[in-house]
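To start, the structure itself, in structure tokens.
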Amino acid sequence: MPDTRGAVRCAMRSLLALLLTTTQAIAGLTFQSSFAIEGPTGLAFDGRRCGLWVAHEETYLSFVDLAGDLQATYPVPMRVDDVAINGEQLLATDGAGSFIALGRDGSVLSAPFQLNPLVRDSDGLHIDQKAGLVWVADDNPSALVALRSDGTMLRRIEGMALNPQMREPQGIVTDLVSGSILAADDSQGLNAIFEFTAQGALIALYDISAIATDPEGLALADDSRTLYVAFDTGDMIAQFDYAASDGTGAPPPDEGTPACN
């Protein structure tokens, strides 16, 4: 039986290109720079320390400054696929439905625990502190899941119900200015960034194949103008100027480096 996956993927990329032509006039995702780092799979922007927490699907986290220089590594008693800022703490996930609380100094504050038994493939993680929601990119089945702090499921965006489909959601982040939700679809999907409204409607797609392959972790700077993308297979983190597609987000800055608190 012939393998039709290549033809299906080609058709999906054609549709992606068509949709991009309708969104680029009101949206913005402009590549600025990148730095090399081995196997990054998850990101969190830390404005207080002016850098990025980086997960590598290993039993440690890295902390790098915004130029990509390693500042420290911190051991974690489980594999870490992604990490999120949680107020005065960090929350990390192993990609298999378990989570752990860490201090912002890297200290371990809890044993691994579950947030919701239906979340089984937690490849992406972000905490929207403004809305009080924990967002998880669940790779199996393909979905973006919003949880309350007690683990109750509030919303699901089904990746396979979209057109085109989001087959392999990985990193996820929310824009505190516009409310947009950004999700990375890795190289087994479209190698693209999906943008949704706060209500979950698809409003933009960004094909980033020209930059690198296998986008996984996502992080937005505190000013919501700079998007960081971790490319796992590409062994790099890229920085993009970003403006939300609904027009309420901040315009791209003249300079690529955001201010830190």
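The values are calculated or read from the model by the stated rules, or taken from the named source; none is laboratory data. Model, not experiment: these values are computed from the prediction. Heads up, the Cβs are rebuilt from the backbone with ideal geometry, glycines too, and the neighbour counts pull from every protein chain shown. Side chains are part of the model used for accessible areas, which takes the heavy atoms of the whole protein and leaves out ligands, DNA and RNA. Shrake-Rupley method; radii C 1.70, N 1.55, O 1.52, S 1.80 Å.
Strands (runs of 3 or more DSSP E) fully within region 176-261 that include at least 1 residues being hydrophobic (A, V, I, L, M, F, W, C), open to solvent by 10 Å² or more (accessible area, probe 1.4 Å) and modelled with pLDDT under 95: 202-207, 236-243. Out of everything in region 158-175 that is buried (at least 18 other Cβ atoms within 10 Å of the Cβ) and among the small types (Gly, Ala, Ser), what residue ends up being farthest from Ala92 (Cα to Cα)? The residue in question is Gly159.
Report yes if Gly42 is touching a residue at least 12 places away in the same chain (Cβ under 8 Å), small (Gly, Ala, Ser), under 20 Å from Asp175 (Cβ atoms) and crowded, with 21+ Cβ neighbours inside 10 Å, otherwise no. Walk me through how you get there before you give the answer.
Values: touching a residue at least 12 places away in the same chain (Cβ under 8 Å): yes; small (Gly, Ala, Ser): yes; under 20 Å from Asp175 (Cβ atoms): yes; crowded, with 21+ Cβ neighbours inside 10 Å: yes.
Answer is yes for this residue.
In region 148-176, what residues are among the polar types (S, T, N, Q) and in contact with a helix residue (DSSP H, G or I) (Cβ under 8 Å, 6 or more places away or on another chain)? Answer for region 148-176, where residues must be among the polar types (S, T, N, Q) and in contact with a helix residue (DSSP H, G or I) (Cβ under 8 Å, 6 or more places away or on another chain): Asn163, Gln165.
Here's the yes/no breakdown for (1) among the basic types (Lys, Arg); (2) loosely packed, with under 13 Cβ neighbours inside 10 Å; (3) modelled with pLDDT of 95 or more; (4) in a loop (DSSP other than H, G, I, E, B):
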site	(1), (2), (3), (4)
Ile100	no, no, yes, no
Asp105	no, yes, no, yes
Ser110	no, yes, yes, yes
Arg120	yes, no, no, yes
Ile127	no, no, yes, no
Ala131	no, no, no, yes
Ala146	no, no, yes, no
Asp150	no, yes, no, yes
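Does Pro40 qualify as being under 15 Å from the mean Cα position of the chain (by Cα) and at negative phi? Outline the logic, then answer.
Numbers: under 15 Å from the mean Cα position of the chain (by Cα): yes; at negative phi: yes.
Against the criterion (under 15 Å from the mean Cα position of the chain (by Cα) and at negative phi), Pro40 qualifies.
Does Gly95 qualify as being in contact with a Phe, Trp or Tyr (Cβ under 6 Å, 6 or more places away or on another chain), part of a loop (DSSP other than H, G, I, E, B) and either of a type outside the set (Ser, Thr, Tyr) or open to solvent by less than 70 Å² (accessible area, probe 1.4 Å) (or both)? The answer is no for Gly95. A residue that is of a type in the set (Gly, Ala, Ser), closer than 15 Å to Ala219 by Cα, modelled with pLDDT of 95 or more and in a strand (DSSP E or B) can be found somewhere in region 58-74.
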